[in-house]
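In what follows, a single structure is set out as structure tokens and then discussed.
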Amino acid sequence: MNNQSSTNEEYASCPHCNASQCIEPVTAVHPDSEELDSLFNGTLNRFQCSACEQKFSVKVPVLFRDEENHALVYYIPAEDRKDWQEAENQMDKVLKQVFSNLPDDELPHCRLTLTYRGFIEKTSLLMNGFDDRVIEYLKYQLFKDEQRQLDPYRTEMLYNFSQQDENYLNFLLFDRETGSSASALDVPKELYDELAESILKDEDVKNELEEMFSGYFINVEKLFGLC
């Protein structure tokens, strides 16, 4: 398997001093690569200006491709989450070009993300063997739980890949207005396991989940009309 990550040379203006410079943003990431580590620590496509020496980030589409598991996650930066349908169309065109020689039933498992944090989440879920539809359904149940008093319109919930506990799944809660992490919560992993098992055994449950979360962009925010 080829683990070489891809870069493309281009020019960018520093947001601090407006100086133009040549950069090489990463556009493809593979398992066991240095670029994957950069993704998880938040430094992927972050550069230092040659003029003012300030650091800045560049938003470009990035593809995570796991050939061994026949899966990929495509990050298409979007200013507005409501652009997900346009992004899905863009992703569909890319997939048809890249996998033009494959029949539909042999296409890889594909997911679309619109934000850097979402890209980290989907990639880590894939690498840890989780079904992201089940994860998004769990988020939906947490938001609907009146005792927890979680507002989906003010709070973004993301799987925390850095907390590994075989008994619990940890979710980080971000304030949508400020973008800062407000708190975290643990969910018994047995809830995930029970739902994942029911999908395999019950065709009605499987169909319901596929109806709730269809396409490449699998996100609980669609259920609340946030995108």
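Read-outs throughout are calculated quantities, based only on the coordinates presented, and are distinct from any laboratory measurement. Just so you know, these numbers come straight off a predicted model, no measurement behind them. Neighbour counts are summed over all protein chains in view; Cβ atoms, including those assigned to glycine, are modelled from backbone coordinates with ideal geometry.
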> Can you tell me the Rg and the Dmax, both Å, for the Cα atoms in the chain?
Replying inline: 18.6, 60
> How big is the antiparallel share of DSSP beta bridges in the chain, given as a percent to the nearest 5?
Replying inline: 80
> Sorted by average packing, counted as other Cβ atoms within 10 angstrom per residue and highest first, what order do 66-72, 15-21, 33-39 take?
Replying inline: 33-39, 66-72, 15-21
> Pick from Leu191, Leu44, Leu200: which is most flexible by mean-square fluctuation in a GNM of the chain where alpha carbon atoms under 10 Å apart are linked?
Replying inline: Leu200
>> Which one, Phe217, Phe56, Phe130, has the greatest fluctuation when you compute a Gaussian network model over the chain with C-alpha springs under 10 angstrom?
In response: Phe56
>> Which of Phe99, Phe119, Phe174 ends up with the largest GNM mean-square fluctuation for the chain, with Cα atoms connected below 10 Å?
In response: Phe99
>> Taking a virtual spin label 7 Å from the Cα of Asn101 along the C-beta vector, which residues in the stretch 55-81 bring their backbone nitrogen under 20 Å of it?
In response: 65-72
> When only DSSP loop residues count, what GluC sites (Glu not before Pro) in the stretch 150-227 have their Cβ near at most 11 other Cβ atoms within 10 Å?
Replying inline: Glu166, Glu177
> What list of ³J(HN,Hα) couplings, whole Hz, do you get for the stretch 30-40 from phi and the Karplus terms 6.51, -1.76, 1.60, once you set θ to phi - 60° and write x for glycine and proline?
Replying inline: 10, x, 6, 10, 4, 5, 5, 4, 5, 4, 6
>> With the crude spin-label approximation of a point 7 Å out along Cα→Cβ, what separation in nm comes out for Lys189 versus Asp175?
In response: 3.2
